[in-house]
Ligand code: FA5
């Protein structure tokens, strides 16, 4: 029996060494030390042994058991260590490798232009104001000398929400709101914001675009002040190489009224699809604030006068950067937008 146990030990230890993974090792354990294993079998047959032999064989069987268990434990440890080494090898990181460049976004071209416009006017002492995009008929039209039924309302085809509420068609309602708020005090403000019109989209028209309104009200404000401010703005925005012209125009809320054009950058004033063959692009409407508008906002038109303007930043960006279609601003083609990211 002694020999039998020794043979089993040798055999089991060999198998332990040969086990390539924990599953194989577990199989060896079950095969040799399990309830149905040969060692248990030997122990069961001890009843047939003599009194003297019994403790000797019992002790030997226990020693064999322990040897095999120890060998399994140490093999288990080395298998686990090997697995860990393998995992570490596979997951090895070279912390000295240079990082992969991260894709960084940037402000939209329109955002940049709006900030540029704001900076220019802040430099001339204007403050920034805001107003609601869902506007009342009163502020969008009536307070601007456009009573209900006025034919000039058709100049700006509107998106109405109810009879009295609409998406503002221009930023001019912020003129009336600011004057009311200032309560007779001088005003010098600009208001950037989104506006909405039922215009048919083409290269220079969109149904939703941005405007920057300007308003200056004080004593003794003249048309020459308006011209001076617009000229300063245009020269700083476009540089001296672009030509500027003021044309007489009509707006119910200004009198007299003008429109300002800048020579087209895309064709250098020769005529193209962007300027519709004229060589010029209209960027803003302006004029002296109509006495009725001043009066409705609580200013005495015999004491106060003012000028106002409303410009289209998309058109300004198109002129400045030679963008040939206003739809590029809204279709979000990353190739277009990326060209104007400031690094
Ligand atoms: C107005 O909206 C007046 N409220 C401007 C104004 C303010 C006049 C204060 C006098 C005093 P107009 O509809 O012309 O005017 O628009 C002003 C500017 O917005 C235009 O010069 C143009 O640059 C831009 N614009 C007008 N319609 C569109 C459009 N559909 N898409 C893109 N830009 C437009």
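State the percent of C-alpha pairs, over all pairs in the stretch 248-340, separated by a distance greater than 20 angstrom.
When every Cα pair of the stretch 248-340 is considered, 51 percent fall beyond 20 Å.
With runs of 4+ DSSP H residues as the only contributors, calculate the mean residue ellipticity of the chain at 222 nm using -39,500 (n - 2.57) per run, divided by the residue total and rounded to the nearest 500.
That comes out to -13000 deg cm²/dmol.
Stokes-Einstein D for the stretch 1-143 at 4 °C, 1.567 mPa s, Kirkwood Rh over Cα pairs, in µm²/s?
56
With everything on Cα atoms, drop me the angle between helix 173-182 and the longest principal axis of the chain, reported from 0 to 90° to the nearest 10.
The helix 173-182 is inclined about 80 degrees to the chain.
Under the definition of Cα pairs under 8 Å and six or more residues apart, what whole-number percent is the relative contact order of the stretch 110-340?
20
Per residue and in Å³, how big is the convex hull formed by the alpha-carbon atoms of the stretch 163-270?
Hull volume over Cα atoms, normalised by residue count, gives 142 Å³.
Using only the Cα atoms, work out Rg/Rh for the stretch 107-246, with Rh taken as the Kirkwood radius, to two decimals.
That ratio equals 0.97.
With each label point set 7 Å from Cα along the Cα-Cβ vector, what nm distance links residue 150 and residue 324?
Modelled inter-label distance: 4.0 nm.
By how many degrees, 0 to 90 and rounded to 10, does the Cα axis of helix 223-238 deviate from the longest principal axis of the chain?
The angle comes out near 30 degrees.
Assuming 1.306 mPa s and 10 °C, estimate D for the chain with Stokes-Einstein, Rh taken as the Kirkwood radius over Cα pairs, in µm²/s.
59
Measure nothing fancy, just the Cα-based angle from helix 53-90's long axis to the longest principal axis of the chain, in degrees from 0 to 90, nearest 10.
20
So if I average 1/r over every pair of distinct C-alpha atoms in the stretch 37-114 and take the inverse, what Kirkwood radius in Å does that give?
Here the Kirkwood hydrodynamic radius works out to 19.2 Å.
Taken together, the values in this text are just the output of simple stated rules run on the coordinates, not laboratory data. Computed from a predicted model, the values in this text were never measured in an experiment. All Cβ positions, even for glycine, are placed from backbone atoms using ideal geometry, and neighbour counts span all protein chains on display.
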